[in-house]
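The structure under discussion appears below in the form of structure tokens.
What follows draws every value from the coordinates through simple rules; no lab data is involved. Just so we're clear, the structure is a prediction, and the values are computed from it rather than from any experiment. Cβ coordinates were reconstructed from backbone atoms using ideal geometry, including for glycine residues, and neighbour counts include every protein chain displayed.
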Amino acid sequence: GENVEQHPSTLSVQEGDSAVIKCTYSDSASNYFPWYKQELGKGPQLIIDIRSNVGEKKDQRIAVTLNKTAKHFSLHITETQPEDSAVYFCAEWHSGGGADGLTFGKGTHLIIQP
Amino acid sequence: EPEVTQTPSHQVTQMGQEVILRCVPISNHLYFYWYRQILGQKVEFLVSFYNNEISEKSEIFDDQFSVERPDGSNFTLKIRSTKLEDSAMYFCASNTGLKETQYFGPGTRLLVL
């Protein structure tokens, strides 16, 4: 079955520094990898996603990299700000195999220290 | 910007009671999903729904659960006889196609006593 491992579970960085969260997956059929940000008491909000035909994607301070050979993908946040503090979830999806839903990692609690 | 909405935001119920959680997906979306998040844990897929029928369901989605779209607008999750372990946040999501981005609602916090 699908499995997504996410590390670290908690990450504390100084405001202005960069944060990196890593995920690995087990199913080689995985072809879509979104990252969601979840603030306290709210639903997951998509912040960036990447598909398997692309190695890197960037949106302002946020970037995602994908290494299909190694089956891992990472979220990079540069110039972190206090409002970046939240729980971040990676997820994967693949077509076919009866897997309509996303498979999520366990989440990373990102803390931005002022 | 269109968004997924869910009601109620919080629900407290007694064990054994039935609950219905409601969702209004984004209007032009075709696929609808329910996910569950037990406190402090990851988000887990429950069920997907397309063309007025269940497309796929996980092992969590047993006979106590059912979904329907009664009026072409609301998408509901019913738990027939709630158990203590059903206490969780329940999120609805929708998208335009299986390969497309899933947009999540704010969730319903269910507490079973």
Completion exercise
Among the stretch A:17-35, those whose backbone N falls under 18 Å of a label point 7 Å along Cα→Cβ from B:Ser55 are A:30-34
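How would the stretch B:65-104 be classified by its alpha-carbon gyration tensor: rounded, prolate or oblate, with rounded meaning a/c under 1.5 and the a/b versus b/c comparison settling the rest?
Numbers: a/c = 3.12, a/b = 1.57, b/c = 1.99.
Taking the square roots of the gyration eigenvalues as a ≥ b ≥ c, the stretch B:65-104 is oblate.
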Problem - For the stretch A:38-67 and the stretch B:78-105, distance of Cα centres in Å - result: 21
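Nearest 5 is fine: what % of DSSP beta bridges in the protein assembly as shown come out antiparallel, could you say? The partial results should precede the final answer.
Details: 70 of 79 bridges.
So the antiparallel bridges amount to about 90 percent of the total.
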Exercise for the section: Just tell me how shielded B:75-88 is by partners: mean number of partner chain Cβ atoms within 10 Å of each residue's Cβ, no decimals. Expected result: 0
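Return the Rg/Rh ratio of the protein assembly as shown with Cα-based radii and a Kirkwood Rh. Show your work: numbers first, answer last.
Numbers: Rg = 17.6 Å, Rh = 18.1 Å.
Rounded to two decimals, Rg/Rh equals 0.97.
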Handout entry: Neighbouring partner chain Cβ atoms per residue of B:3-16, average, 10 Å criterion
Key = 0
Problem - Rg ratio (alpha-carbon, reference 2.2 N^0.38 Å) - chain A - result: 1.03
Practice task
Could you work out the mean count of beta carbons from other protein chains within 10 Å of each residue's beta carbon in B:103-110?
Solution key: 3
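Exceeding 28 Å between C-alpha atoms, which entries from my cross-link table qualify? They are A:Lys22/B:Lys99; A:Lys58/B:Lys78; A:Lys42/A:Lys68; A:Lys42/B:Lys57.
A:Lys58/B:Lys78; A:Lys42/A:Lys68
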